[in-house]
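Read the figures in this text as sums done on the coordinates, not as results from a lab. Please read all numbers here as calculations on a predicted model, not as lab measurements. Every residue, glycine as well, gets a Cβ built from its backbone with ideal geometry; the counts of neighbours run over all protein chains shown.
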Amino acid sequence: MISEQLLYSLAGIGLFGIGLRATLLHHMLLPRLLALNVCGAGVFLIFIAIAYGGIDVMADPVPHALVLTGIVVAVSATAMALALGRRLETLNDE
Amino acid sequence: MIELLWSIFDIMLVLLLLALAWTTCSTQDVKRAVTLFIAMGLLLAIVWARLKAPDLALAEAVIGAGISGALLLSAIKDYPVTPMVSHRSRLIEGIINSLTLALTILMSWAVWHGLNMSDGIRLSEQVFSQLPVSGVSNPVTAVLLNYRAYDTLLELAVVLTAVLTVLTLNEKRSDYQGSTSPLLQGMTRWLVPLLVVTSGYLLWVGAHAPGGAFQAGAMLAAAMILLQLAYPSRRAEFNNYLLKILLVIGIFTFVLVGLWMMSRNDDFLAFTPAWAGTLILIIETAATISIASALTLAYLGGRPGGWEGRGSEGKAREDTHRTSRSITENGGAG
């Protein structure tokens with residue numbers, strides 16, 4: 001059980017690292033947003049990996065609820081960032 | 001033997017996930033990056049299912065891969081098609097790389113340390129021990145709408161705020177060319193009723209099995225987005241007044257129920273156990289509608305035509321448009 005928790009948490013940390021690096025490296029909005037979302041997915045994965053309790057044990061539902069909230073907030077934040085970016089583009093065009 | 005197979009499966013899943021994330025973040029082509037990101041979302045849904053989080057698997061497949069994907073794909077053309085080469089100098093790149101690596105190693109150590117610590121008080125035990133009085137038997141729904149109802153109320157507020165920002169900043173995308181291919185329209189006619197029924201099912205089943213307001217709302221939004229894509233000539237026709245009400249009905253109902261419970265039990269959102277199940281279902285239904293309209297508007301990327309108008313002035317403006325015909329009412333199935 002602990003080996004799966006560890007494997008998936010490390011994968012989560014890997015996703016977080018990949019996303020963070022790309023967020024800092026990119027200049028354009030859309031690739032940055034993608035990278036930030038990858039970063040967030042990493043955080044979610046760490047949460048859920050730690051909540052996992054083995055193949056025949058119910059997993060801890062509290063992190064599940066938190067991550068569910070997180071997924072919805074992430075998509076809202078992405079939509080907002082895209083709208084801000086689009087506004088900036090139109091302002092630059094004028 | 002079985003355990004070995006599981007281990008192989010786990011390792012393959014993790015490697016695929018990391019590879020997809022890496023290519024998403026390093027590919028030169030924005031369109032390809034978005035497509036890879038959608039694929040990563042679907043893979044994540046499998047990971048959630050593997051880690052015994054079916055609620056999340058549903059949410060990720062609909063929201064993380066579906067709605068985000070539609071949003072990002074439609075945003076691609078807002079940006080000039082330049083290759084996403086990084087223009088950072090070598091020095092800065094080196095600093096970023098080494099800092100990220102250091103942080104990753106530090107986090108790995110922290111997680112390793114945390115996993116090997118002895119268990120303290122587990123929240124999950126408290127969740128399961130209180131489950132019979134929570135009104136629902138799906139522990140995730142119990143956490144979301146009973147124990148931590150505040151979180152969910154504020155989350156709805158976050159979603160509303162984000163959508164209000166989107167509506168304030170932009171008109172809805174006008175350059176969008178929907179496809180009117182008979183194939184897509186034919187498929188949509190079959191899919192949309194199915195999606196609506198599935199959404200209702202997810203909402204209902206959330207009380208005792210994986211599902212709930214967020215998955216149901218996102219599913220409904222997916223149906224709306226599909227309609228927009230397949231019937232572009234009808235997509236302008238929203239009943240804005242109705243849409244404004246639907247957008248806030250979730251929070252309104254939530255607060256109303258909270259205040260009502262406060263008048264009885266002295267605490268905001270402290271449900272009476274006997275009514276908890278019904279109250280949760282009422283809140284979830286309202287939340288589903290609000291989330292669906294919020295995500296649809298977020299996909300449109302701004303105000304639909306005639307949004308600002310209200311009262312007589314708005315009526316007049318709406319009349320100068322065509323007869324207002326609401327997709328929400330007609331279902332657009334035509």
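Take A:M58, project a point 7 Å from its Cα along the Cβ direction, then tell me which residues of region B:273-288 have their backbone nitrogen under 20 Å from it. Output list for this probe position: B:273-278, B:280-281. Lysine pair count for the protein assembly as shown (Cα-Cα distance under 21 Å; residues 8 or more apart in sequence or on different chains): 5. Taking label points 7 Å from Cα along the Cα-to-Cβ direction, B:A49 and B:A270 give a separation of 4.2 nm.
Shape analysis of region B:106-150 places it in the prolate category; the axes a ≥ b ≥ c from the Cα gyration tensor give an a/c of at least 1.5, with a/b above b/c. Rounded to the nearest 0.05, what FRET efficiency do B:L115 and B:V158 have when you use their Cβ-Cβ distance and R0 = 35 Å? Efficiency, rounded to the nearest 0.05: 0.70. Under a Gaussian network description of chain A, with springs only between Cα atoms under 10 Å, the residue in A:G54, A:G42, A:G12 that fluctuates furthest is A:G54. Debye-formula intensities of region B:2-135, expressed as log10 I(q)/I(0) at q = 0.11, 0.17, 0.20 Å⁻¹, are -0.66, -1.20, -1.28 (one equal scatterer per alpha-carbon, no solvent). Net length available on complete extension from B:E308 to B:Q126 is 60.7 nm, with 0.36 nm assigned per residue and the Cα-Cα distance removed.
Which number do you get for Rg(Cα) / (2.2 N^0.38 Å) in chain A? For chain A, the normalised Cα radius of gyration comes out at 1.34. All C-alpha to C-alpha distances of the protein assembly as shown, sorted into 10 Å bins beginning at zero, yield P(r) values of 4, 20, 29, 26, 15, 5, 1, 0 percent in whole numbers. The angle between the Cα long axis of helix A:2-25 and the main principal axis of chain A comes to about 10°, on a 0 to 90 degree scale. As a rough guide to protection, the peptides B:59-66, A:29-36, B:147-154 ranked by mean Cβ packing within 10 Å, highest first, stand as B:59-66, A:29-36, B:147-154.
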